[in-house]
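To start, the structure itself, in C-alpha cells.
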Amino acid sequence: MEPTLEQPSIDVELHRRLVYGDESALREAYAAYGGLVRRVAVRVTRSPAAAEDVAQEVFAQLWSRPYGFDARRGSLRTWLSMLAHRRAVDWVRGEARHRKDPRADDTVLHGIPDPRPGPDEAVVDRERSLLLHTALAELPRPQREVVHLAYFAGRTYRQAAVELGIPEGTAKTRLRSALRKLAESLADPPDPAPVRGA
Amino acid sequence: MTNDHDGVRELLAAWAVGALPPGDDRTVPLHLAACEACAAEAERLRDTVRLLDGARGAGAPAGAAVAGSADGVLASALRARRPRAAAVAPHAAPYAAAVAGLQALVPELDGRWGLPVVHDWDAHATVAHLIAADEHLAVRLGVDARPPASNIPAGTPAGDAWDRRTADVIAHEHTRTPGETVATWAAQAAELLITPEARDAELAARPATVMGLRLPVADHFVIRGFEAWIHTDDIGRALGLPVPPPADEHLRTLVRLAVRILGPALHGAPPVLVDITGPAGTHWVLGDESEPLTAELTLDPVDFCLLVGGRHTPDEVPRIVTGDERAARTVLERAASLAWL
C-alpha cells in the first residue's frame with residue numbers, strides 16, 4: 001500500500017469503525033498491516049511462532065484498546081509497526097531471562113564481554129542484534145517513526161517524509177541521527193534498563 | 001539528485017537501509033568509490049543494519065515465514081476482553097455501536113474515574129447514569145432492574161422520576177468500584193440488545209411509553225444510542241480523547257429521529273429549510289409547510305445532534321443561515337429545548 005495524502009483520513013475512518021466495535025475494520029487493518037507486523041516481529045525474534053504470538057498481541061491490543069492509537073500523532077502503519085517491534089523485543093528479552101543459559105542473561109545481552117572462552121559468532125551476533133533492537137525501541141518517537149517506515153515498511157525517505165508530513169531533509173536527518181545512535185549503542189552499551197511498555 | 005560530499009553524507013543512512021529513491025541510489029555508490037570518509041561511515045551504518053536484519057545462522061532468515069494464519073490472529077484478537085458490536089436490527093444498531101464505543105473508552109479511564117465529566121458527575125457517575133437511563137427501556141422490555149429499587153411515589157412527573165432514579169443509582173454505584181459499575185451497565189446493555197425487540201423490526205414498531213415519551217420501541221432504542229454516544233463523547237472530552245462520531249448510517253438515524261420529534265414542536269412556526277450536510281446529510285422543511293420558506297439553515301449532523309443533546313447552545317452551534325435569522329433561530333432554540341439528556 002503506497003502512502004497517499006488520503007492516508008490520514010483512511011486511518012481516521014478505520015479507527016472510528018474499530019472504536020464502534022466493527023469487526024470488519026479489524027480484518028481490514030490486518031489485511032493491510034498484518035504482513036508488516038509479522039515481518040517486524042520475525043526480524044527481531046527470528047521465530048515464526050514468536051512472530052505469530054506478537055501479531056496476535058498487536059491486533060488484540062488494537063481491538064481491545066483502539067484509543068491507544070491516536071491518528072493525530074501518526075499513521076496506523078507506523079503505530080502498529082512500532083508496537084510490534086516493542087512487543088517482539090520484550091518477547092526476546094523475556095525468552096532470554098527464562099533460559100537457563102547464563103550467557104543469555106541481561107549482562108551478556110548488554111554486551112559486556114564474557115571472560116570465558118566466547119560463545120560462537122552466531123550467538124554474539126544474535127546478542128548484538130537484540131542490543132540494537134532494544135536501542136531502537138528506545139529512540140525518540142520521531143526518529144523511530146522514520147526508521148520504521150524506511151527500514152521495516154520499505155518506504156524511501158521521500159515517501160516516509162510524505163507519510164509523516166515532514167520535509168524530506170528532516171526525514172533524512174532523523175534517519176541519520178537514528179542510525180548513528182544505533183551504531184554508537186554497539187560501541188557504548190546502555191544501562192540495562194527495562195524496555196518501557198508501548 | 002545530489003553529487004556533493006555533504007549531500008551524499010546526508011543520504012548515507014537512507015542508503016544503508018535501502019530507502020533511497022531512484023536517482024539517489026546511483027549517486028551514492030559513485031561518491032563512495034571516491035570518498036574514503038563517506039565509505040567508512042557507510043560501512044559502519046551498513047554493518048549496523050546487517051545486525052538489525054538478524055544474525056547469521058541463528059534461527060530463521062530475515063523475511064522468511066512471515067505468512068501466518070489470519071484466522072488465528074483475528075480470532076485471538078476478537079477473544080480479547082472487548083466484545084464486538086452486537087448483531088441487531090438497524091433500529092438498535094446505533095445503540096449496539098455506542099455501547100461498543102463506550103467499552104472502547106473504559107480502559108482509558110483506569111485511575112481517572114473521579115474526573116469531572118458533565119453536570120456534577122464524574123466518569124463513574126456518568127456510567128451510573130447510563131445504567132439508570134437505559135433501565136427505563138430495559139424494564140419495559142422485561143429485563144430486571146439491577147440497582148436497588150427507588151422509592152418514587154406514583155404520580156411523580158416523568159422528568160422528576162428520571163432525575164431521582166439517576167440520583168439514587170449514582171449514590172448506589174458510588175458505593176461500588178467503577179469496574180463493578182461498568183459491569184452492571186454492560187450486562188444490562190447486553191441484555192437489552194438480545195431482547196426480541198432489538199432484533200425484530202416488526203416487534204419494535206409497537207409503541208411504548210418510556211419516561212413519559214410514547215414512541216415506537218425502535219425509536220427508544222435510537223434514543224438509547226444517542227444518549228450513550230453523547231455521554232461517551234462527554235467522557236472523551238474530559239479525558240482529552242476525541243470520540244469519533246457514529247458511523248454515517250447511525251448518525252443519519254439519530255438525525256432523522258431528532259427531526260421527527262422536532263417537527264411537531266415547530267407546528268405553526270415560520271417554515272425553514274433545514275439542511276443537514278455530509279454523508280449523513282438530508283433536508284426537511286420544519287414549520288408551517290403551507291407558507292413560503294423564510295430561511296435556510298445548514299448544519300453539520302454532529303453539531304445538530306450536539307445541539308439536540310444539549311452540548312451546543314443555539315448561540316454557539318456552527319451553522320449557515322440564509323434568509324430570516326429569527327425564523328432560523330426559532331428552530332435552533334426548539335431543537336435545544338428538546339433537552340433529551
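Computed from the coordinates by the stated procedures, all read-outs in this text should not be read as laboratory data. Just so it is clear, the structure is predicted and the values come from calculations on it, not from any experiment. FYI the Cβ positions are ideal-geometry reconstructions off the backbone, even for glycines, and counts take in every protein chain you see.
Sorted by packing (mean other beta-carbon atoms within 10 Å per residue), highest first, where do A:151-164, A:75-88, B:228-241, B:312-325 land?
On the way: A:151-164: 22.3, A:75-88: 24.6, B:228-241: 20.1, B:312-325: 14.5.
The most tightly packed comes first, giving A:75-88, A:151-164, B:228-241, B:312-325.
Under a Cβ-Cβ cut-off of 13 Å, what is the net charge of the residues other than A:F59 that fall near it, where Lys and Arg count +1 and Asp and Glu count -1?
Charge balance in the 13 Å sphere: 0.
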For a quick protection proxy, order the peptides A:44-51, B:15-22 by their average other-Cβ count within 10 Å, most packed first.
A:44-51, B:15-22
Please give me the summed charge of the neighbours of A:R39: other residues whose Cβ is under 14 Å from its Cβ, Lys and Arg +1, Asp and Glu -1.
+4
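Could you work out the mean count of beta carbons from other protein chains within 10 Å of each residue's beta carbon in A:144-157?
For this peptide, the per-residue mean of nearby foreign Cβ atoms is 4.
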On Cα atoms only, tilt of B:178-193 relative to the major axis of chain B in degrees:
70 degrees
Positive end of the charge dipole of the protein assembly as shown (Lys, Arg +1 and Asp, Glu -1 on Cβ, about the Cα centre): tell me which of A:A49, A:L62, B:L141 has its Cα farthest that way.
A:A49
Proximal charge balance of B:P153 [Cβ under 13 Å; K/R count +1, D/E count -1]
+1
Averaged over B:99-112, number of beta-carbon atoms from partner chains that fall within 10 Å
3
Please determine, in degrees from 0 to 90 and to the nearest 10, the orientation of helix B:24-34 with respect to the longest principal axis defined by the Cα atoms of chain B, where the helix direction is its Cα long axis.
30 degrees
For helix B:217-239, report the angle its Cα long axis makes with the longest principal axis of the Cα atoms of chain B; keep it between 0 and 90° and round to the nearest 10°.
50 degrees
Per residue of B:85-94, count partner chain C-beta atoms within 10 Å of its C-beta, then hand back the mean as an integer.
1
Three-way shape call for chain B based on the alpha-carbon gyration tensor, with the a/c threshold at 1.5
prolate
On each of the three principal axes of the Cα atoms of the protein assembly as shown, give max minus min coordinate, whole Å, ordered largest first.
90, 55, 39
For chain B, modelled as a Gaussian network with Cα springs under 10 Å, which listed residue fluctuates most, B:V222, B:V73, B:V272?
B:V73
Can you tell me how region B:84-244 classifies by the Cα gyration tensor, rounded, prolate or oblate, using a/c under 1.5 as the rounded cut?
oblate
Mind listing the lone cysteines of the protein assembly as shown, meaning no other Cys beta-carbon sits under 4.7 Å from theirs?
B:C305
In a Gaussian network model of chain B with springs linking alpha carbons closer than 10 Å, the residue among B:R84, B:R44, B:R311 that fluctuates most is B:R44
Output the peptides B:192-199, B:205-212 sorted from most to least packed, where packing is the average of other Cβ atoms within 10 Å over each peptide's residues.
B:192-199, B:205-212
